[in-house]
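The structure appears below as structure tokens.
Throughout, read-outs are computed from the coordinates displayed, never taken from laboratory work. Keep in mind that what you see is a predicted model, and the values were worked out from it rather than measured. Neighbour counts are summed over all protein chains in view; Cβ atoms, including those assigned to glycine, are modelled from backbone coordinates with ideal geometry.
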Amino acid sequence: MMNTPFDATVEDIAQAARDGRPPRDHGPYGLRVGDDHLHYTAAVLADPVPLGAQILEAAGLNPVREYMLLQIMRDGSTKEVRAEDSVDLRQPGLETFVAFHGDRLYRLTLNDRSMDWGTRWITAAVLLTLARVDPAAFEVVLLHPQGQNRVLSGEDRADLDDPGVERFETIPLAIEIFVNTEPKVVHQRVLDFWQVVRLEYPHADPSQAQASYTVTYAKGPKANPSGTLVKGQSVVVKQRMEFDVFVTDRS
């Protein structure tokens with residue numbers, strides 16, 4: 001989420017939540033209004049109990065009748081805030097909102113929690129953020145009634161307009177790669193040079209100069225489909241990516 005600095009006279013209600021304290025009794029109040037990619041805009045309101053329409057206006061979203069506003073609850077669920085609904089900013093857990101241009105909401109479940117979303121498409125990155133898990137250590141599974149589940153990562157999208165309610169779960173990341181043709185499972189999306197080397201040579205030590213290693217890779221993602229990995233570099237990995245690791249010099 002965006003970390004926007006507010007003026008010292010503005011009570012940042014998200015910061016108050018991080019500090020574990022209730023917001024003060026008087027404004028102005030600073031809050032964040034995000035879009036469907038969870039890119040946030042700062043909004044400042046003087047009224048401690050604004051209407052939904054006032055929150056949209058403060059975020060520069062006009063005309064307000066063309067937008068829907070959702071509050072992201074602390075448990076990751078969402079609650080619609082209509083234009084005429086009032087919100088007491090002094091209550092805990094009200095620091096984050098998302099707005100959508102349109103008039104339709106899509107129902108989904110995330111980790112068995114029901115929630116609404118305001119656009120037809122939703123990305124894995126957004127789902128991981130809503131689930132409040134580490135995106136580097138988890139991935140999203142779109143559950144299929146017949147068991148044909150689909151794994152989503154990064155900017156992979158799911159269509160919420162498909163028949164029925166789409167069901168998502170977050171699971172610990174497990175990527176199978178091949179190192180010198182042997183399968184290995186890693187639990188992160190980015191590996192540096194020495195992490196790859198140690199998959200083949202567990203005792204490889206960067207501080208020791210007696211061995212030099214060469215690492216090449218293939219069948220990688222678009223960011224790095226193939227190439228040579230050298231010291232100081234990292235590589236994005238994907239399922240069934242292939243690595244060759246070997247010693248090139250030993251004194």
key: Listed peptides 51-57, 224-230 by packing density, highest first (mean Cβ within 10 Å)   = 51-57, 224-230
task = Within 10 Å of each residue's Cβ, count the other Cβ atoms and sort Leu70, Leu173, Leu31 from fewest upward.
result = Leu173, Leu70, Leu31
query = Between the DSSP loop rule and a limit of at most 14 other Cβ atoms within 10 Å, which GluC sites (Glu not before Pro) in the range 62-126 are left?
reply = Glu84
message = Only sites in a loop by DSSP and with at most 11 other Cβ atoms within 10 Å count here; which trypsin sites (Lys or Arg not before Pro) in the range 188-222 make the cut?
response = Lys222
query = Per-residue HN-Hα couplings for the range 120-130, Karplus 6.51 cos²θ - 1.76 cosθ + 1.60 at θ = phi - 60°, whole Hz, x for Gly and Pro?
reply = 5, 9, 9, 9, 4, 4, 5, 4, 5, 5, 4
remark   = With N residues in the chain, Rg(alpha-carbon) / (2.2 N^0.38 Å) equals 1.29
ask   = To two decimal places, what compactness ratio does the range 33-87 give when its Cα radius of gyration is scaled by 2.2 N^0.38 Å?
value = 1.07
key: Straight-distance crosslink candidates among lysines, where the alpha carbon sits under 22 Å from Lys238 and sequence neighbours closer than 8 are dropped   = Lys184, Lys219, Lys222
ask   = Taking the Cα centre of the range 1-103 as origin and charging only Cβ (+1 Lys, Arg; -1 Asp, Glu), how large is the dipole, in debye to the nearest 20?
value = 240 debye
query = Can you work out the FRET efficiency for the pair His39 and Ala137, with r the C-beta to C-beta distance and R0 = 25 Å, to the nearest 0.05?
reply = 0.65
key: Globularity index of the range 60-194, i.e. its alpha-carbon radius of gyration over 2.2 N^0.38 Å   = 1.26
ask   = Taking only the alpha-carbon atoms of the range 175-250, what semi-axes of the equivalent ellipsoid follow from 5 times the gyration tensor eigenvalues under a square root, in whole Å, largest first?
value = 20, 12, 11
query = With charges only on Cβ, +1 for K and R and -1 for D and E, what is the dipole size of the range 105-173 about its Cα centre, in debye, rounded to 20?
reply = 120 debye
ask   = Taking the Cα centre of the chain as the origin, how large is its charge dipole in debye, to the nearest 20, when only Lys and Arg (+1) and Asp and Glu (-1) carry charge on their Cβ atoms?
value = 560 debye
ask   = How high is the relative contact order of the chain, given as a whole-number percent (alpha carbon pairs under 8 Å, six or more residues apart)?
value = 12 percent
task = Pick out, in residue order, every one of the trypsin sites (Lys or Arg not before Pro) in the range 107-153 that is DSSP loop and has at most 15 other C-beta atoms within 10 Å; say none if there are none.
result = Arg120, Arg132
ask   = What area, in nm² and to one decimal, does the C-alpha convex hull of the range 112-251 cast on average over all directions?
value = 10.2 nm²
task = Treat the count of other C-beta atoms within 10 Å as a stand-in for reagent exposure and order Val33, Val236 from fewest to most.
result = Val236, Val33
inquiry  = Can you compute the FRET efficiency between Arg82 and Gln146 using 1/(1 + (r/R0)^6), with r the Cβ-Cβ distance and R0 = 41 Å? Round to the nearest 0.05.
reply    = 0.65
request  = May I ask you to compute the full-extension gain from Val49 to Arg157, defined as 0.36 nm times their residue separation minus their alpha-carbon distance, rounded to one decimal in nm?
outcome  = 35.3 nm
request  = With just the Cα atoms of the range 1-103, tell me how far they stretch along each of the three principal axes, in Å, largest first.
outcome  = 35, 25, 21
